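Engineer: Mind looking over this structure? Questions follow.
Quick note: the coordinates plus some simple rules give every number you see, no bench work behind them. No experiment lies behind these values; they were computed from the predicted model shown. All Cβ positions, even for glycine, are placed from backbone atoms using ideal geometry, and neighbour counts span all protein chains on display.
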Amino acid sequence: MLGLDQTAMLIDALRPPPGMAIDAAIGTTFTLDLSALLAVPVAASFAEQEDEGADLLETIRRYADRTILFCQAGAISVPAYRAALTFVEQTVVEVGKPDGGLFHPKSWIVRFTSGRGRVRHRVLVMSRNLTFDRAWDVLVRLDEDPECSAAIDAAPLVDFIAGVAGATVRPLTLAQQELVGSIRDTARRARLAVPPPFTDGAFVPLRPGRRVFPFYERCDHALAISPFLTHRPVVDFLGTASSWRGIVSRAGSLDGVPSALTGVEDVKRIKDAVLDAQQSVDPVFEATADDEDSAEGVDLGPAMRGLHAKIFVQDVGDRSTAWLGSANLTDAALSRNWELLVRLTGSRRDVGYDAVLSRKPEQNNLSWLVEDHELPEKDAPEDESPLVGHAFDLASADITVTLTVHEHIRAALRISPYQPPEDVVMQARLLSQPDFTTVESGEATWDGLALHQITPFVVLQLRAPSETRSVLVRAHLIGDDYEERRGAVLAHAIANRDDFMRYLAALLGLGPLGGYSVDADGAGGWFAGNLDADKVLEDLLATASRHPRRLASLEQTLRRLETEPRFAEIVPSDFRELWAAVHTARKGAIR
């Protein structure tokens, strides 16, 4: 377990099996980078493009409509604005901050389908947030296998997600409620195979409001890997072991609880040399990360590097159990947070503390990355920003943006309740706008906006004498026609006929180029001199029959393009004739 060669990327773990596609997905994360969210449907479709062409936007739209991502309100980082964010506005669902705690689970439930009606589920339980952090994390992948010999019961997980859906800042839309219910019904019946070398497993959800101890009361050896620590949980967990105790954490966290580690046999941190090596490489990546360089950060989570995995191992005889997931060894995690762990049991030889940390005999495991940590004599005091709690509370408030249209669009922000500390000044801007405006009595306005500049994502900047903090929130838009805005963004990205054909291929679910070639002159595929009417008609009729509502996006885009002077150059006349016939068939299918 945890061999240094057993690396995984979240994007790869979300890719569908051969011959299948993502039908629906529900994710959870504490912190969120919206640019990372955009990468999920792109990876699922195997598309690799740097620009935001109409085909890529349509791919994002199609997957986003079947995806929900729950995150902690107030823990969304502030990216540079991009048009593609329009298509994930209703994917992001913020969860209110529980009393004294956080919404902290990191997971995905994904349902895949094939054209032949086959359905499979995959569950990911992680310590990693949906961000571009380069910290050391852990990911458990559980695939549905009807023939597996040992399966994990999915019921506790889907019940957990149902509870999360009832704790959101704003009620779910009807479509979101239906998606949650649909995945709850199908995933509950899925046989999720226990991954080797484990032989048994279970989901362990933790909910705010009551203190729990999810581990065994007694064991032979106990190993905790946790980036954050508080005194009582450390004492309780390590106190279960009768003969050996070990802990791996960050240096600062270990320095905060030395009194809880008295007599612990192994106290480790990630090697300074490893952290230094990563720091020397990071600028190479950061130099190309334009979004990060131009964005305002929300420093609510762990650093971009170092330890972020959460793993707890207990050996009992010749068997060992590991708990992996989102929970730290802290009071908040075990009593006030939303958290998710998966418990996996196997032989001590394969998954015990020796397999994770021991270098005797020589093993390809965590031992190569850690070193002893010398503890201070006294616990270091906790240092928390006074604005952190206010930022979370603010994000859980009732935040609306009301749109009114005259010659241009006017957007009016309202925050209720609005109770900033006396020494805090608040400013706000729409994510699509570069300049801040002062928030007075919970209100601010923006005038002269175009349709493509409308967004529910609002940046709130809190300025105190000692610090400044920015937080991104998703406001409720009043007076908004969401489908019209999405159509406008798509139409704006279609500048020529090749753009249109790529967009059409993506809309029909035919891959980045729909499986059709494009030659050096931009022709080919469906039209190499002449439109391949039979092929287009076949694909359009199939979509109208199987997914009639999917073509609503095409209808809206065509309406937008009809207002362009170059409409006839962009949309082939042969296609317009085909669309007239298919449009009638589509209307009949919807009825």
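Engineer: Under the rule a/c < 1.5 gives rounded, and otherwise a/b versus b/c splits prolate from oblate, where does region 430-493 land using the Cα gyration tensor?
Structural biologist: Prolate.
Engineer: In addition: Round to a whole angstrom and tell me the spacing of the C-alpha centers of region 168-207 and region 68-137.
Structural biologist: 14
Engineer: Taking the highest mean first, how do the peptides 109-117, 484-492 order by number of other beta carbon atoms within 10 angstrom per residue?
Structural biologist: Per-residue Cβ counts within 10 Å, averaged per peptide and sorted highest first, yield 484-492, 109-117.
Engineer: Rounded to the nearest Å, what's the spacing between the alpha carbon centres of region 386-421 and region 454-500? Just the number, please.
Structural biologist: So the separation of the two Cα centres works out to 14 Å.
Engineer: To one decimal place, what orientation-averaged projected area in nm² is obtained for the convex hull of the Cα set of region 386-482?
Structural biologist: 5.9
Engineer: Checking the table Lys106/Lys378; Lys106/Lys271; Lys97/Lys378; Lys271/Lys310 against a 28 Å threshold on Cα-Cα, which pairs fail?
Structural biologist: Over 28 Å apart, Cα to Cα: Lys106/Lys378; Lys97/Lys378.
Engineer: To continue, here is another question. What ³J(HN,Hα) values, in whole Hz, does the Karplus curve 6.51 cos²θ - 1.76 cosθ + 1.60 give for region 496-508 when θ = phi - 60°, with x put for Gly and Pro?
Structural biologist: After applying 6.51 cos²θ - 1.76 cosθ + 1.60, I find 8, 5, 5, 4, 5, 5, 5, 4, 5, 4, 5, 4, 7 Hz.
Engineer: For Ser243 and Ala39, what does the FRET efficiency come to when R0 = 41 Å and r is the distance between their Cβ atoms, rounded to the nearest 0.05?
Structural biologist: About 0.35, to the nearest 0.05.
Engineer: Turning to a different aspect of this structure: Output the peptides 366-377, 57-68 sorted from most to least packed, where packing is the average of other Cβ atoms within 10 Å over each peptide's residues.
Structural biologist: The peptides rank, most packed first, as 57-68, 366-377.
Engineer: According to the square roots a ≥ b ≥ c of the eigenvalues of the Cα gyration tensor, what is the shape class of region 134-218, taking rounded for a/c under 1.5, prolate for a/b larger than b/c otherwise, and oblate for the remainder?
Structural biologist: oblate
Engineer: Dipole magnitude of region 10-199 about its Cα centre, charges +1 at Lys/Arg Cβ and -1 at Asp/Glu Cβ only, in debye to the nearest 20?
Structural biologist: Dipole magnitude for region 10-199 comes out near 440 debye.
Engineer: Still on this model: Positive end of the charge dipole of region 386-482 (Lys, Arg +1 and Asp, Glu -1 on Cβ, about the Cα centre): tell me which of Thr438, Ser470, Ala450 has its Cα farthest that way.
Structural biologist: The residue sitting most towards the positive pole is Ser470.
Engineer: Would you please calculate the Kirkwood hydrodynamic radius of region 10-199 over all C-alpha pairs and express it in Å, rounded to one decimal?
Structural biologist: One over the average 1/r among Cα pairs gives 17.1 Å for region 10-199.
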